[in-house]
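The values are calculated or read from the model by the stated rules, or taken from the named source; none is laboratory data. Keep in mind it's a predicted model, so treat the numbers as computed, not measured. Cβ sites come from the backbone with ideal geometry, for glycine too, and all protein chains shown count toward neighbours.
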């Protein structure tokens, strides 16, 4: 049997391939098994979802709870939120067998006629969005199910801050009321936009104020990550120098997803018995960029000209501050109004991120690729 590359770049396999987070795992597990809802805040790609899945795989949770992972990143309104919530719960129940999912489906009387079954008799959530005609009624039914479920439920909602952008004005209040009255379910609200998450959970005027424990995730310590990567190389009869791991860690600012991606690529290009030295990092990055070249070219091509100009200016700066200052505008031959218009689009599309007034390109591989194009 072929050996698995130990550096997983998507999903969760097992504790063996999961790096550290011992304290965070214990803290999050303690919160949710003691009746607390938790807001988990960190920049994207730092491993929030991995940490949640790791917690859900802990023995005391796996055996005693139903666990559900819901990703609402792409949702635009309450109807789409309800759609993803229902889909996530059904997918979480499927591995538990017919009895578990039948109870859930029976509770969804507003959707019963729309749910179909595959050839082996398993339900599939191939509803049309329009099948959810009255999202508030379907939401009532879902919460009624959670309250009556045969085990307590743990629900993780990823990118929770997007609910603040929904057109309906009362989504936060509606959800808060449902969650408050549902004693059989606890929630993890994971979010990557610190200021929006902060407003939802720490503003006295907002429904979720003081309703959760708040946890922040920081990068994994460089020494711990170095040990983890060296251990997996050694176990598979390969060697990687400490300098190589530290170069990767520093270049990608300790962000889990990029480190995993680079470690995966370095592992793939290092033969058994061979040593992976620091000069291989550029080769690994080039390999990754070659795979992504078509995607990135297409993304850049689709951008409106003004957004492209501002994106390139931010890329040249690296970390851009005061992007409407006369210095920035003069350097890149831009106008204040075009920057203000473009930056909104770039933030909405996730090309650019803004942390405490500092703008940078969100995808670090895209950043490296773009620098190569414009140099």
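Filter segment 326-352 down to residues that are surrounded by 13 or more Cβ atoms within 10 Å (Cβ to Cβ), at pLDDT 90 or above and outside any helix (DSSP H, G or I), then give me how many there are.
4
Kindly provide the set of residues from segment 151-172 that are assigned to a loop (DSSP other than H, G, I, E, B) and either in contact (Cβ under 8 Å) with a residue 60 or more places away in the chain or under 18 Å from the mean Cα position of the chain (by Cα) (or both), ordered by number.
First pass over segment 151-172, keeping only residues assigned to a loop (DSSP other than H, G, I, E, B): 151-152, 159, 166-170.
Those that are assigned to a loop (DSSP other than H, G, I, E, B) and either in contact (Cβ under 8 Å) with a residue 60 or more places away in the chain or under 18 Å from the mean Cα position of the chain (by Cα) (or both): 151, 152, 159, 166, 167, 168.
Within segment 179-197, which residues are in a helix (DSSP H, G or I) and more than 24 Å from the chain's Cα centre (by Cα)?
Initial filter on segment 179-197 (in a helix (DSSP H, G or I)): 179-180, 194-197.
Once the filter is applied, which keeps residues that are in a helix (DSSP H, G or I) and more than 24 Å from the chain's Cα centre (by Cα), segment 179-197 yields only 180.
Does segment 151-174 include one or more residues that are assigned by TED's automatic domain parsing to the domain that holds residue 205, in contact with a strand residue (DSSP E or B) (Cβ under 9 Å, 6 or more places away or on another chain), over 30 Å from residue 43 (Cβ atoms) and surrounded by 15 or more Cβ atoms within 10 Å (Cβ to Cβ)?
Taking segment 151-174 first, the residues assigned by TED's automatic domain parsing to the domain that holds residue 205 are 151-174.
Restricting the remaining residues to those that are in contact with a strand residue (DSSP E or B) (Cβ under 9 Å, 6 or more places away or on another chain) gives 151-163.
Next, from what is left, pick out any that are over 30 Å from residue 43 (Cβ atoms): 151-152.
Filter once more, so that each one left must be surrounded by 15 or more Cβ atoms within 10 Å (Cβ to Cβ): 152.
Yes, because at least one residue in segment 151-174 is assigned by TED's automatic domain parsing to the domain that holds residue 205, in contact with a strand residue (DSSP E or B) (Cβ under 9 Å, 6 or more places away or on another chain), over 30 Å from residue 43 (Cβ atoms) and surrounded by 15 or more Cβ atoms within 10 Å (Cβ to Cβ).
Being part of a helix (DSSP H, G or I) and surrounded by fewer than 19 Cβ atoms within 10 Å (Cβ to Cβ) is the filter here, so list the residues in segment 358-367 that pass it. Reasoning before the result, please.
Looking only at segment 358-367, we keep the residues that are part of a helix (DSSP H, G or I), and these are 364-367.
364, 367 - these are the residues of segment 358-367 that are part of a helix (DSSP H, G or I) and surrounded by fewer than 19 Cβ atoms within 10 Å (Cβ to Cβ).
Would you check if residue 323 is closer than 15 Å to residue 344 by Cα, buried (at least 17 other Cβ atoms within 10 Å of the Cβ), in the same structural domain as residue 336 (by TED's automatic domain parsing) and without any contact (Cβ under 8 Å) to a residue 40 or more places away in the chain?
Working: closer than 15 Å to residue 344 by Cα: yes; buried (at least 17 other Cβ atoms within 10 Å of the Cβ): yes; in the same structural domain as residue 336 (by TED's automatic domain parsing): yes; without any contact (Cβ under 8 Å) to a residue 40 or more places away in the chain: yes.
Spelling it out, residue 323 is indeed closer than 15 Å to residue 344 by Cα, buried (at least 17 other Cβ atoms within 10 Å of the Cβ), in the same structural domain as residue 336 (by TED's automatic domain parsing) and without any contact (Cβ under 8 Å) to a residue 40 or more places away in the chain.
Can you confirm whether segment 266-284 contains a residue that is modelled with pLDDT of 95 or more, surrounded by 15 or more Cβ atoms within 10 Å (Cβ to Cβ) and within 23 Å of residue 350 (Cβ to Cβ)?
no
Go through (1) surrounded by fewer than 22 Cβ atoms within 10 Å (Cβ to Cβ); (2) over 27 Å from residue 249 (Cβ atoms); (3) at pLDDT 95 or above; (4) touching a helix residue (DSSP H, G or I) at 6+ places or on another chain (Cβ under 9 Å) for residue 39 and report which single condition fails.
(1)
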